[in-house]
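This report concerns only the one structure given below.
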Amino acid sequence: MSRLRFSGANACLALALLLLGCSVMPADGLDRAAKPVSADAWAAMPRDGDRLALTASRPLPGAGSVAFHASKPVLAWAAGNTVQVLDLSSGQLKAIQADAGVSDLGFAPHGDLWIVAGRVERWHDDSAICTSGQTGMERLLGIDDKGVTAAQYTYSDGVGAIRHQVWLDEDCRLQHEARSPLPAGVTDADADVGGPPRRASLRSPHRLAAGSDWSIDNDRLRAGHGSVLVLPSRPVAVSADARWWVFGEPGHRMLWQLRDSK
């Protein structure tokens with residue numbers, strides 16, 4: 001388990017789970033609000049014996065945090081002070097330049113990209129729509145079409161690790177903030193699900209998008225009826241249609257796709 005990140009840390013967070021999910025994380029890390037995968041769809045998934053038939057597509061140079069668009073074939077990843085945005089259909093790659101190291105990112109349901117680079121920014125296509133006034137932010141904890149929650153982590157003698165969480169509206173304006181000790185047992189900022197969401201629509205960007213009858217156990221993808229497919233390793237992110245997958249550690253991530261996908 002990685003050490004807790006405190007304010008001023010410039011290293012990208014090693015996000016274990018990506019994309020839109022519930023604010024409270026179940027043990028299997030899946031989005032219970034996603035459309036279930038039917039038995040026919042599961043049966044049609046390409047496979048090599050007991051393995052899901054994936055093929056390595058391309059490396060993601062320097063990738064830290066990664067996120068798939070909720071409804072389009074688009075992938076974004078943080079690489080230092082840059083966010084790379086890849087159109088998976090055309091292969092077109094564009095770069096968004098931030099003013100500091102990008103520690104986290106995620107797509108809102110309507111498609112705008114939120115970036116954490118010390119401050120929190122909302123981007124629409126190639127334009128920055130707004131920037132928050134709060135500095136030192138490190139992680140996104142929730143996203144919806146009305147705004148985001150973000151956090152930074154500090155340390156207080158006699159108290160321990162402190163989470164400073166902010167709720168921002170869609171124009172990056174502060175709506176609410178709270179400081180509280182991290183819950184007992186949470187020693188890794190990557191595992192922090194944050195405080196009460198304040199809006200039921202806020203969902204974590206650090207969760208794998210999958211159907212409600214899926215579960216992932218390390219490198220095993222399990223169907224609700226008990227079938228199992230083996231993965232190359234535990235995935236970091238999965239596209240909403242399950243055609244695209246990201247595996248690997250920060251700085252050494254690889255994009256994969258289902259073998260029969262276009």
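The values are calculated or read from the model by the stated rules, or taken from the named source; none is laboratory data. What you see is a predicted model, and the numbers here were worked out from it, not measured in a lab. Positions of Cβ are backbone-derived with ideal geometry, glycine not excepted, and every protein chain shown enters the neighbour counts. Calculation scope for accessible area: heavy atoms of the full protein, side chains included, ligands and nucleic acids excluded. Shrake-Rupley method; radii C 1.70, N 1.55, O 1.52, S 1.80 Å.
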So, of the residues in segment 43-52 that are closer than 17 Å to ILE216 by Cβ and surrounded by 14 or more Cβ atoms within 10 Å (Cβ to Cβ), which turns out to be modelled with the lowest pLDDT? MET45
Within segment 232-247, take every residue that is free of Cβ contacts under 8 Å to residues at least 40 places away in the same chain and closer than 15 Å to SER65 by Cβ and give me the one that is surrounded by the most Cβ atoms within 10 Å (Cβ to Cβ). PRO235
Could you tell me whether segment 126-140 includes any residue that is in contact (Cβ under 8 Å) with a residue 40 or more places away in the chain, closer than 19 Å to ALA63 by Cβ and among the hydrophobic types (A, V, I, L, M, F, W, C)? yes
Taking GLU121 as meeting all but one of (1) in contact (Cβ under 8 Å) with a residue 12 or more places away in the chain; (2) over 25 Å from PRO196 (Cβ atoms), write down the number of the exception. (2)
What residue, of VAL83, VAL116, VAL102, VAL66, is in contact with a strand residue (DSSP E or B) (Cβ under 6 Å, 6 or more places away or on another chain), buried (at least 20 other Cβ atoms within 10 Å of the Cβ) and under 29 Å from ASP260 (Cβ atoms)? VAL66
Qualifying positions in segment 178-206 - assigned to a strand (DSSP E or B) and not hydrophobic (A, V, I, L, M, F, W, C): ARG179, SER180, PRO181, ARG203, SER204, HIS206
Across (1) surrounded by fewer than 24 Cβ atoms within 10 Å (Cβ to Cβ); (2) part of a strand (DSSP E or B), THR135 clears everything bar (2)
In segment 139-159, residues that are exposed (fewer than 13 other Cβ atoms within 10 Å of the Cβ) and assigned to a strand (DSSP E or B) total 2
For segment 210-225, indicate whether the set of residues that are under 25 Å from ALA78 (Cα atoms) and charged (D, E, K, R) is non-empty. yes
Residue selected from segment 184-213 under the condition open to solvent by 60 Å² or more (accessible area, probe 1.4 Å) and over 22 Å from GLN134 (Cβ atoms), by the criterion modelled with the lowest pLDDT: THR187
So for segment 207-229 (the condition being part of a strand (DSSP E or B) and small (Gly, Ala, Ser)), does at least one residue qualify? yes
Considering only segment 87-103, how many residues are touching a residue at least 12 places away in the same chain (Cβ under 8 Å) and in a strand (DSSP E or B)? 5
